[in-house]
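Student: The structure's right below; bear with me while I get my questions together.
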Amino acid sequence: MVVLSLTLGVAIFVSSFESVLAAESAIARTANATQSTAEWTVSYGNFVGIPEKVADELGAIKGSETVPILEASAVTETQHARNFLIYGVDPQRASHQNHLSQVSVADFGAIASLAETPDGILLTQKFAASESVRAGGLLSLDTGKGLRKFRVAGLISDPRANHLASGAFGIALLSTAQRLVGQPGLVDRIEVSGVSRAQIQNICPTCQIERPGKLGSAAQDALGRIHSLLGVSVLALLVGLLLIYNTVQVSVLDRMKDIAILRAVGATRFQILFLLLSEWLAVGAASSVFGILLGSGMAGLLVEYTRRTVNTMVPLMADAKVEVTPVLIGVSMIIGVGTALAAALVPVAAAARVRPLEILRPYAYRRARSFVPAAVVGFLLFCLGNYGITNLHASIEWGLVMVAVEFLSVALIFPQIVIWLGRILRKQMVSRASFGPFLALDGLLKAPHRTAFTIMTFGCSLMMTVATESLVDGFRKSTGTWMSVAFPFDISVMGNDISASVYGTQVLPQKLTPELAKVPGISGAYSVRKLFTSFRGQDVMAIGVDLEPYLLARREKNMKMWPTELADPEALRSFREGTGVFLSDNFSELFQIQPGESIQMQTPSGPKTFRVLGKTDDYSWPHGAFIIGLKELQTSWKDDVISYVDLVVAPGQSLAEVKTRVQHAAKKNQMAFAFDRQEIRDVTDSVLEQTVSMANIQAIIAILIGVLGVINAIWIGVVNRQREIGLWRAIGVTRWQVVRIVLSEGIYIGFAAALIGVVGGLYGGWVPLRSFSYDITGYRYPLVVPWPQVGMVVFLAFGLGIAAGIFPARMAGKTPVLEAIACE
Amino acid sequence: MLQFTSVSKTYGEGPLSVKALRSIDFSVTPGEFIAITGPSGCGKSTLLHLASGLDLPSAGQVVIDGKATSDRSDDELTLMRRNRIGLIFQSFNLIPTLTALENVVLPATLSGRPFSAIASNGKRLLERVGLAARFSHYPDQLSGGEAQRVAIARALMMDPLLLLADEPTGNLDSASGLEIIALLEEFSEETVHADGVKLSRSTLIVTHDEAIASRAPRRVRLKDGQIL
């Protein structure tokens, strides 16, 4: 049982770590492939073009090297539209900075052939094979400026390229890319070497200057979600730790007589300690090996979930490989052996301390002693952990340490709670109930530590699902309310298929809005532009809204003003003029900026100051968003495209029919996708579900550990009470009554675990998870009781509690009476 | 009341088998107080186990209340022990986490009777065995003699027709042992209401202590599994 539970504990850790590492390295490979040896990356921010002439100006500085790069998102014109990255570079300049070194500088021989192929593009072998494209053939891509045909100049021979961005990228000459994606004279970033930041700033004061290698915002968001998995594995390990502690304690208790005899015949305390700890060292080592093997297998499954989740946000991850590194093996061995030794230390030390006579005389099975001092320490630790979580606002790693402190503090408090509760229930049962339930309770109270840890193990494993779902439901509720009050649209048209990738960067031409407004059945249309810009070193989202048609659409839908401050004529005027903006609540929280204050943004047109007109619920971007008039956005950020066209369907019109017409009209000139509100909701829900499902896989394993703990505890209780059960049978307890008594123990454990699962889960969702979420995103979600999960947890707790009791109960029912009452 | 007819009991099989009892014929009539004596390993405890239905004979019949134990199901045997037989063990076999009173009323509560309804009877029995001040004490707070008195009270809780005691003084000093035997003698003289009929209680004590055995009106000596 110990080996199995420790194996599962290590397996959870290994699988989480491996899948996170695999995901990280897959994402990093993509990032590295587009990284050079340059010292600086110069841009106007994400998704905003910077004039190529800036590269020329920077290149004119003596000793400098500059590489202008255009990265454009596109969509393949195939039955299953795929996101595709066009990479426009100047091969001559790129080779100077060892650019694309990870893809293959050697392939730059092939890149030279691009010059000889009009509209040429180099593809990865994987992409070419999957799309059945050959060298010399044509590839149709929707670049946001309409469909464009590229001629396949050749294939990248380096197989590593297949692993980058799912292999769905192509290299084109910079001039070709600029022409075909409709960004003449513009690039996305310039990589610069041999100059100082001050020199760059002097030439381009409005530029963002960063060190290369920074992951994109979407990638960071995806990685953040993956990292949250580690939190679950930490909890699972803690759950496993208690189970192991339980098992070790019982195993040591079982051998107390042997230990007492050894002590009686002259074994020193140190010898006993050494003997027992050596055993647990071996158990820990063996379990770790099994855990690493099992965890590596499980990691494959988790990586697949991770890949799906990441790729639904941004297509960054492909062919992530699970690699068991020596470091991971070492860490896992340390964790496995350390956990076994840590769990064994207390009971083993207690066993070594015990006086032989105490054990060798009858009635060695003492009634529960008091754990009040431990409970007091636990309570203080709990307060400390709670304070740390809610007030320190530190890193997620620090938060996890605080959660671990809270968990361990509850482990210290809980045995005393079990004793107190047991005493109360005991009195009630003695006076009111029959002895069956009483004996079951008595069995559990014989070892309050074991009972407390078993309940905690089981309850905490169940708690994870309630906590996660509570937070997710809070998010759903908040975003649901936000969507219903903020958006008047029925259909939204966008450049990327959000069901394939949420953070697609494809854009639409502005002329599409009036075209779609003419579609029969449409009564209103407004444009929205979303782009990322840097604010205090963070990527924040700028949301440009075409105000007048937006207000018309709201009026048509009889919706109140949103943001509510727009009802104020002064605020409306300021927003219209472009001098005022609205902040999302999380922007306000993360940067501590309140309405009435001003914010200064670095824009391609120079620094701009905006007055904060108000703040509002907005869940567009976890690092903060601000809402600005579309015209002001386009002027300041020198942008002329849009991200969405939001459409209002006229009353009495069929949504499905109008949507078909919109889709048809939108696709005339470019790739565009129309979604109704429900579909958008479904997509966001599915991304949430995928993230949650990754955590749920581990929660299921943790529940398995919890159930093993219950079986273990009841079984050991039965073994330890063989003589007592024999006595019951001798004085008239039937087999079935014995079975019922033991099953009742499972019910009691299940009841208490359900209580912990629900109450602890709601607390966990309300305090730690909500605090982490607030610290990271600034979102404050309401407490939502996830009733289906609560019901499931109660059902699982009782069902699994009873199921866990079946085997020990059967064993107890078959207790040979004479042997049992004869045993000492 | 209790009839052994050609009862044999063999443990194990083949050449390593041990014959604990060899074709024993023996009966107990209502009101009898019998001491079973003999050296260690002569089959005394085996005889008691067969008499209580805790074990079944390898050959022959043990008849209690007119029905052979081998013809009864496990549940029937269990209910028979609960309602008709009081068992007393050498090592007391009290449940360490229950108080003296809770230990005493345990057999009665197994029949579904609430504690409150039987507590007074339990207290009365504890008072009778001289433990009026020990209701709430746990076994580890009692002396050996006191613990055995609790065990006797528990055995009497269901007002059994047959009291079976296996070396009840084996773990006690001689003074305490004599007190226990005196108590057993006292209780063996009681009449029991069974199925509307008044019957005298029978007591069977297994002991290797000749002094105690000599106090029994009837003695059965066993040697090598046979009655001498």
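The values are calculated or read from the model by the stated rules, or taken from the named source; none is laboratory data. Predicted model, so just to flag it, every value in this text is computed and none were measured. Because the Cβ atoms are built from the backbone with ideal geometry, glycine has one as well, and the counts that use them run over all protein chains shown.
Student: Residue check: is A:Val784 β-branched (Val, Ile, Thr), in contact with a Lys or Arg (Cβ under 6 Å, 6 or more places away or on another chain) and over 29 Å from A:Arg735 (Cα atoms)?
Tutor: Yes; evaluated as a whole, the condition is true for this residue.
Student: Okay, moving on. Given region A:482-587, what helices (runs of 4 or more DSSP H) lie entirely inside it while holding 2 or more residues that are farther than 22 Å from A:Glu632 by Cα?
Tutor: A:512-517, A:547-556
Student: Working only within region A:571-608, note down all residues that are within 35 Å of the chain's Cα centre (by Cα), among the polar types (S, T, N, Q) and surrounded by fewer than 16 Cβ atoms within 10 Å (Cβ to Cβ).
Tutor: Selection gives A:Gln592, A:Gln594, A:Ser598, A:Gln600.
Student: Let me ask something else about it. Would you tally the residues in region A:713-768 being outside any loop (DSSP other than H, G, I, E, B) and more than 42 Å from the chain's Cα centre (by Cα)?
Tutor: Final tally of qualifying residues: 18.
Student: Next question. Anything in region B:72-107 that is small (Gly, Ala, Ser) and facing chain A (nearest Cβ under 9 Å)? List them, or say none.
Tutor: B:Gly86, B:Ser91
Student: Follow-up question, since we're still on this one. Residues in region A:663-683: is at least one buried (at least 18 other Cβ atoms within 10 Å of the Cβ), within 14 Å of chain B (Cβ to nearest Cβ), assigned to a helix (DSSP H, G or I) and of a type outside the set (Lys, Arg)?
Tutor: No; the residues of region A:663-683 include none that is buried (at least 18 other Cβ atoms within 10 Å of the Cβ), within 14 Å of chain B (Cβ to nearest Cβ), assigned to a helix (DSSP H, G or I) and of a type outside the set (Lys, Arg).
Student: Based on this model, can you work out whether A:Ser43 counts as surrounded by 19 or more Cβ atoms within 10 Å (Cβ to Cβ), in contact with a Cys (Cβ under 9 Å, 6 or more places away or on another chain), modelled with pLDDT under 85 and small (Gly, Ala, Ser)?
Tutor: The answer is yes for A:Ser43.
Student: Criterion first (modelled with pLDDT of 80 or more, in a strand (DSSP E or B) and crowded, with 22+ Cβ neighbours inside 10 Å) does A:Ala153 satisfy it?
Tutor: Yes.
Student: Which count do you get for residues in region B:212-228 that are farther than 19 Å from B:Ile152 by Cβ and surrounded by fewer than 20 Cβ atoms within 10 Å (Cβ to Cβ)?
Tutor: Residues meeting the conditions: 10.
Student: Do you know which residues across region A:257-299 are in contact (Cβ under 8 Å) with a residue 40 or more places away in the chain and hydroxyl-bearing (Ser, Thr, Tyr)?
Tutor: Once the filter is applied, which keeps residues that are in contact (Cβ under 8 Å) with a residue 40 or more places away in the chain and hydroxyl-bearing (Ser, Thr, Tyr), region A:257-299 yields A:Ser287, A:Ser288, A:Ser296.
Student: Related question: Look through region A:582-618, keep the residues that are under 24 Å from A:Phe475 (Cβ atoms) and among the β-branched types (Val, Ile, Thr), and return whichever of them is modelled with the highest pLDDT.
Tutor: Among residues in region A:582-618 that are under 24 Å from A:Phe475 (Cβ atoms) and among the β-branched types (Val, Ile, Thr), the one modelled with the highest pLDDT is A:Ile593.
Student: Taking region B:108-147 only, how many residues are at pLDDT 85 or above, crowded, with 23+ Cβ neighbours inside 10 Å and at the interface with chain A (Cβ under 7 Å from one of its Cβ atoms)?
Tutor: Total meeting the criteria: 1.
Student: Out of region B:157-177, which residues are hydrophobic (A, V, I, L, M, F, W, C) and within 12 Å of another protein chain (Cβ to nearest Cβ)?
Tutor: B:Met157, B:Met158, B:Leu164
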